[in-house]
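Asker: Quick one: structure below, then a few questions.
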Amino acid sequence: MKRRDAINPPHYQGRGGLQGIDVVEAFELGFHLGNALKYILRCGKKPGADPVEDLKKARWMIDREIARRAR
């Protein structure tokens, strides 16, 4: 039986092994945008998670980044 990886679960894996964290680091997205990307990438892939809720979380993170930059 394959053991579930709690640190690096399957919904973090993209095609070719690319992960969201790789994109966040490569583009230096920071906390808010990095989290928004995480929610977008896992939308519909995380078992038991509501895809609409993931998109709302992403939007909330983007709104926070907009507010931070608009100061």
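Asker: For Ala49, only one of the following conditions fails: (1) touching a Cys at 6+ places or on another chain (Cβ under 8 Å); (2) assigned to a loop (DSSP other than H, G, I, E, B). What is its number?
Answerer: The one condition Ala49 does not meet is (1).
Asker: Follow-up question, since we're still on this one. Considering only region 5-23, state which residues are assigned to a helix (DSSP H, G or I) and within 23 Å of Asp50 (Cβ to Cβ).
Answerer: Within region 5-23, Pro10, His11, Tyr12, Gly20, Ile21 qualify.
Per-residue answers, yes or no, for (1) exposed (fewer than 15 other Cβ atoms within 10 Å of the Cβ); (2) among the acidic types (Asp, Glu); (3) touching a helix residue (DSSP H, G or I) at 6+ places or on another chain (Cβ under 7 Å); (4) in contact (Cβ under 8 Å) with a residue 40 or more places away in the chain:
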position: Gly17; (1), (2), (3), (4): yes, no, no, no
position: Asp22; (1), (2), (3), (4): yes, yes, no, no
position: Phe31; (1), (2), (3), (4): yes, no, no, no
position: Ala36; (1), (2), (3), (4): no, no, yes, no
position: Pro51; (1), (2), (3), (4): yes, no, no, no
position: Lys56; (1), (2), (3), (4): yes, no, no, no
position: Met61; (1), (2), (3), (4): no, no, yes, no
position: Glu65; (1), (2), (3), (4): no, yes, yes, no
position: Arg69; (1), (2), (3), (4): yes, no, no, no
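Asker: Then there's this: Kindly provide the set of residues from region 16-27 that are more than 12 Å from the chain's Cα centre (by Cα) and farther than 21 Å from Ala67 by Cβ, ordered by number.
Answerer: Gly16, Gly17, Leu18, Glu25, Ala26
Asker: Something else: Do you know which of the residues in region 38-48 that are surrounded by 11 or more Cβ atoms within 10 Å (Cβ to Cβ) and touching a residue at least 24 places away in the same chain (Cβ under 8 Å) is nearest to Ala67 (Cα to Cα)?
Answerer: Ranking the qualifying residues of region 38-48, first place goes to Leu41.
Asker: Follow-up. Taking region 24-38 as the search range and keeping residues that are part of a loop (DSSP other than H, G, I, E, B) and among the hydrophobic types (A, V, I, L, M, F, W, C), which one is farthest from Asp54 (Cα to Cα)?
Answerer: Phe27
Asker: Just name the residue that is nearest to the chain's Cα centre (by Cα) out of those in region 28-71 that are of a type in the set (Val, Ile, Thr) and farther than 21 Å from Pro9 by Cβ.
Answerer: Ile62
FYI, it's all coordinate maths here, none of it is from the lab. Model, not experiment: these values are computed from the prediction. Because the Cβ atoms are built from the backbone with ideal geometry, glycine has one as well, and the counts that use them run over all protein chains shown.
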